[in-house]
Amino acid sequence: MKPSDKSPCVRFGWFDLNTQSGELRKQGIRVKLGQHAFKILTVLLERPGQLLTREEIRQKLWGADTFVNFEQSLNKAIHQLREALGDPAGNPHYIETVAGRGYRFIYFVQESSQSTRKPTRKLHSCAVLPFVTDPANREMELLGKRIVERLIDTISRTPGIRILAFSTVQHSGENDLNPRQAGQNLLVRTVAVGEMIRPNDELLLHVELIDASDGTQLWGAQFKEHYADVLARPEKLATRISDQIRPILARTMRRRKRKGSKRVA
């Protein structure tokens, strides 16, 4: 489905791209995008799921008669595009780098006028949503953010488990979606959610791991810590949570792979 075929607006994930005005918006908010980064995103969207070689990009953006430092200009444009999308190269959600060859758009493409999403791939195992805290307590909100960031960092280092970057999920909680709806929107199989409260000098954190396909709980636990200790070293609590979540994610992935193998057979 090519953006120019019908509507100038193309939706993918939280983003809307208007190919006529050159605007990229995330949940209605305009995202700054350079000219070359915009052109690269447009040509990738024209061929979702297909490899676009670096040579093809050069021809489309600069042509044969334009003399520029192509490698440097392309690398800079790709970097700007990833920054705008919150899409790290090591754990991509939208654009996959094919080493030595080019790039591939791996998310779904949806024209803004349509309601059906068509995924090209569903790569990610899990998303950790921002923890629920008292909105009036800015310190608690920042502490919850630090724990989630470190939890994602720790899980991302586990072989075989793919997890969305914090920059991708950080605004998910603003829409008051339930975990199942959030998982479907983010195209992930499992969602981790948590709620933090602070009674006196203690911190109570309840965390759940939920199957986004049916809303069932895969795991849950409550952590009780001294607030000052967590504030000083949030990575310590994040590691404890990760140590319990990772084996469950790994088992879930193995179970799904076995089911997929049986269907193929």
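The single condition from (1) closer than 30 Å to residue 71 by Cα; (2) at pLDDT 75 or above; (3) surrounded by fewer than 16 Cβ atoms within 10 Å (Cβ to Cβ) that residue 106 fails is (3). For residue 138, indicate whether it is at pLDDT 85 or above, more than 17 Å from the chain's Cα centre (by Cα) and not hydroxyl-bearing (Ser, Thr, Tyr). Spelling it out, residue 138 is indeed at pLDDT 85 or above, more than 17 Å from the chain's Cα centre (by Cα) and not hydroxyl-bearing (Ser, Thr, Tyr). Per the conditions (1) in a loop (DSSP other than H, G, I, E, B); (2) more than 13 Å from the chain's Cα centre (by Cα); (3) at pLDDT 75 or above; (4) not assigned by TED's automatic domain parsing to the domain that holds residue 238, the sole criterion not satisfied by residue 160 is (4).
Kindly check whether there is at least one residue in the stretch 210-219 that is outside the structural domain of residue 92 (by TED's automatic domain parsing) and surrounded by 17 or more Cβ atoms within 10 Å (Cβ to Cβ). Please lay out each step first, then the result.
First, the residues of the stretch 210-219 that are outside the structural domain of residue 92 (by TED's automatic domain parsing): 210-219.
With the extra rule that they be surrounded by 17 or more Cβ atoms within 10 Å (Cβ to Cβ), the set shrinks to 210, 212.
Checked the stretch 210-219: at least one residue is outside the structural domain of residue 92 (by TED's automatic domain parsing) and surrounded by 17 or more Cβ atoms within 10 Å (Cβ to Cβ).
Scanning the stretch 52-87 for residues being out of contact with any strand residue (DSSP E or B) (no Cβ under 9 Å at 6 or more places or on another chain) and modelled with pLDDT of 85 or more gives a total of 11. Quick test of your reading of the structure: residue 130 fulfils all but one of (1) in contact with a helix residue (DSSP H, G or I) (Cβ under 8 Å, 6 or more places away or on another chain); (2) modelled with pLDDT under 90; (3) part of a loop (DSSP other than H, G, I, E, B); (4) closer than 24 Å to residue 30 by Cα. Name the failing condition by number. With respect to (1) in contact with a helix residue (DSSP H, G or I) (Cβ under 8 Å, 6 or more places away or on another chain); (2) modelled with pLDDT under 90; (3) part of a loop (DSSP other than H, G, I, E, B); (4) closer than 24 Å to residue 30 by Cα, residue 130 is out only on (2). Looking only at the stretch 1-24, count every residue that is surrounded by fewer than 18 Cβ atoms within 10 Å (Cβ to Cβ) and at pLDDT below 85 and tell me the total. Result for the stretch 1-24: 7.
The values are calculated or read from the model by the stated rules, or taken from the named source; none is laboratory data. As the structure is a prediction and not an experimental result, all values here were calculated from the model. Ideal geometry is used to build each Cβ from the backbone, glycine not excepted, and the neighbour counts take in all protein chains shown.
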